[in-house]
Amino acid sequence: MSCLWPFGRRKKKQRAQAEATVTVTYTIAPTVGTTRTMVPDDTLRVSDSWTLATSPKSVKTHFALWEKLEAAPASKQESIAKDMVRQAPDAAKGFRKAGWEDLPTHGGFRRLAINAEKAKDYRTAISVSQEAMRQGWAGDWEKRIERCQAKLAKAG
């Protein structure tokens, strides 16, 4: 009798390959509506010829950390987000070197701002958002800053 679970009788390597077929879509420029899809062979597929495989190391690191951030449990996300923020200036240079006119959203800055806002640490949320905006990362930073300033004024 065979196992009904699809990975039941496969070897570990075959099981890992079968499980690695999940596609993750990152929205890079939400105002334009462009999406870039990460596929298991570590190539970023887009409408142009740009691929993750030929990009600078800092860009590869950025996406690797982002993927790690998304998969991590909440207890470990903040440390991964801080690692992303530490390498953000290098990643920005790498994206521009690779020909990107606009930087994508930055999961690390976003996660730190969300965590600070949830903890009602509005000053930190504002400073994180301002830094992300200063570096040029896409996101709703202005709205977050306005919202946090309003909450800060209301609280105190």
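Among the residues of segment 104-117, is any farther than 23 Å from S55 by Cβ, without any contact (Cβ under 8 Å) to a residue 12 or more places away in the chain and aliphatic (A, V, I, L, M)? Yes; the residues of segment 104-117 include at least one that is farther than 23 Å from S55 by Cβ, without any contact (Cβ under 8 Å) to a residue 12 or more places away in the chain and aliphatic (A, V, I, L, M). Answer yes or no as to whether F109 is more than 24 Å from G156 (Cβ to Cβ), surrounded by 15 or more Cβ atoms within 10 Å (Cβ to Cβ) and at pLDDT 95 or above. Against the criterion (more than 24 Å from G156 (Cβ to Cβ), surrounded by 15 or more Cβ atoms within 10 Å (Cβ to Cβ) and at pLDDT 95 or above), F109 qualifies.
Taking the condition β-branched (V, I, T), in contact with a helix residue (DSSP H, G or I) (Cβ under 7 Å, 6 or more places away or on another chain) and either modelled with pLDDT of 90 or more or surrounded by 13 or more Cβ atoms within 10 Å (Cβ to Cβ) (or both), does T124 pass? Yes; evaluated as a whole, the condition is true for this residue. Among the candidates E142, E131, the residue that is surrounded by fewer than 20 Cβ atoms within 10 Å (Cβ to Cβ), more than 27 Å from K57 (Cα to Cα) and over 15 Å from the mean Cα position of the chain (by Cα) is uniquely E142.
Looking at the structure I just gave you, is G136 surrounded by fewer than 22 Cβ atoms within 10 Å (Cβ to Cβ), under 18 Å from the mean Cα position of the chain (by Cα), on the phi > 0 side of the Ramachandran plot and not charged (D, E, K, R)? Please lay out each step first, then the result.
Numbers: surrounded by fewer than 22 Cβ atoms within 10 Å (Cβ to Cβ): yes; under 18 Å from the mean Cα position of the chain (by Cα): yes; on the phi > 0 side of the Ramachandran plot: yes; not charged (D, E, K, R): yes.
The answer is yes for G136.
The values are calculated or read from the model by the stated rules, or taken from the named source; none is laboratory data. Predicted, not measured: the structure shown is a model, and the values here were computed from it. Using ideal geometry, Cβ is built from the backbone for each residue, glycine included, and neighbour counts are taken over all protein chains shown.
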